[in-house]
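The values are calculated or read from the model by the stated rules, or taken from the named source; none is laboratory data. Please read all numbers here as calculations on a predicted model, not as lab measurements. Cβ placement follows ideal geometry from the backbone for every residue including glycine, while neighbour counts extend to all protein chains displayed.
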Amino acid sequence: MIKYSFDRIFKARGIARPFSFLKKHGFSDNFASRLKNNRVSRLNLHHLEKLCLVLRCTPNDIMEWKPSDTTGIDAEHPLNLIKRPDQKVDMVKTINSIPLGQLEEIEKLINERIGKGE
């Protein structure tokens, strides 16, 4: 089943208060509340595009696919691109546990990856 996973993108973007963030970016109270509580079963393309713009992501970043036990597709199927691992990673906890010297190395790698260099 394909479903939306808004918590994942909010955490990845460091958005602690999704409702306030969405309101600030022009979404209605009702829509912001439904999104924050992951009670959205469908989005019109206008809202999907606006979300992708403000969250700096693609639709694949806010969707995930969980195959049913009877789904028989090969490992090369494109749907596997939006399949998420079962384990959740707490990036803040992970980053806080890394020694400072290694954090500087990681920051350098990230900056190189996104093209900022030094």
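Details
- Selection over the range 16-64 of residues that are touching a strand residue (DSSP E or B) at 6+ places or on another chain (Cβ under 9 Å) and of a type in the set (Gly, Ala, Ser) gives a count of 1.
- Residue satisfying condition, being more than 26 Å from Leu81 (Cβ to Cβ), assigned by TED's automatic domain parsing to the domain that holds Gly72 and under 15 Å from the mean Cα position of the chain (by Cα), within set Ala32, Ala16, Ala12: Ala16
- Boolean, Asn30 is polar (S, T, N, Q) and in contact with an Asp or Glu (Cβ under 9 Å, 6 or more places away or on another chain): no
- Hits in the range 43-76 (condition: exposed (fewer than 13 other Cβ atoms within 10 Å of the Cβ), at pLDDT below 90 and more than 12 Å from Ser5 (Cα to Cα)): Ser68, Asp69, Thr70, Thr71, Gly72, Ile73, Asp74, Ala75, Glu76
- Qualifying residues in the range 1-29 (those that are among the hydrophobic types (A, V, I, L, M, F, W, C) and part of a loop (DSSP other than H, G, I, E, B)) - the one modelled with the highest pLDDT: Phe27
- Assessment of the range 46-58 against the conditions (within 22 Å of Arg84 (Cα to Cα), outside the structural domain of Val92 (by TED's automatic domain parsing), without any contact (Cβ under 8 Å) to a residue 24 or more places away in the chain and in a loop (DSSP other than H, G, I, E, B)) yields at least one matching residue.
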